[in-house]
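The structure appears below as structure tokens.
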Amino acid sequence: CHGYHLRKAFLLKMRTKVFNRYVQVGRIAYVAFGPHEGKLVAIVDVIDQNRALIDGPCTGVRRQAMPFKCMQLTDFVIKFPHSARQKYVRRAWEKDNINEKWAASSWAKKIEAREIGRAH
């Protein structure tokens, strides 16, 4: 009987959880795999339902098309017009201190701890 109530409470909690990481221009994404694995990129434009034009001006990733499957969306969003030139993306990235915010996030700390664990 107790398990039923816990399961019901869990399902109610899951139903009320608000999804707030949308694919949008300016959304910062973490590259999960591929040649740029482990780097942050900004979505500059959405090409179609499977790919986005991305740019990583402060992480060494050149502007290119990347499938959404390779990316994990973060909570960070920077403001610039779609298809903006790299200098505007870089300016917005630096203005919002994305690298510092990422380094302070629990997600980045978990990745760092995992890397340290692998080194030993």
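The values are calculated or read from the model by the stated rules, or taken from the named source; none is laboratory data. What you are looking at is a predicted structure, and each value in this text was computed from that prediction instead of being measured. To get the accessible areas, we keep the full protein, side chains included, count just its heavy atoms, and leave off ligands, DNA and RNA. Shrake-Rupley method; radii C 1.70, N 1.55, O 1.52, S 1.80 Å.
Taking 0.36 nm per residue of sequence separation and subtracting the Cα-Cα distance, how much length would be gained by fully extending the chain between residue 86 and residue 109, in nm to one decimal?
Result: 5.5 nm gained on full extension.
For the stretch 48-88, what does the alpha-carbon gyration tensor say about shape, rounded, prolate or oblate, given a ≥ b ≥ c as the root eigenvalues, a/c under 1.5 as rounded, and a/b over b/c as prolate?
Cα axes put the stretch 48-88 in the rounded bin.
Considering only protein heavy atoms, what is the solvent-accessible area of residue 63 at a probe of 1.4 Å, reported in Å² to the nearest 10?
The value for residue 63 is about 90 Å².
Probe 1.4 Å, all protein chains in place: accessible area of residue 106 in Å², nearest 10?
Approximately 80 Å² for this residue.
Send over the Kirkwood Rh of the stretch 42-120, from the inverse of the averaged 1/r over different Cα pairs, rounded to one decimal Å.
On the way: mean 1/r = 0.0723 Å⁻¹.
One over the average 1/r among Cα pairs gives 13.8 Å for the stretch 42-120.
To the nearest 10 Å², what's residue 94's accessible area with a 1.4 Å probe?
Its accessible surface works out to 100 Å², give or take rounding.
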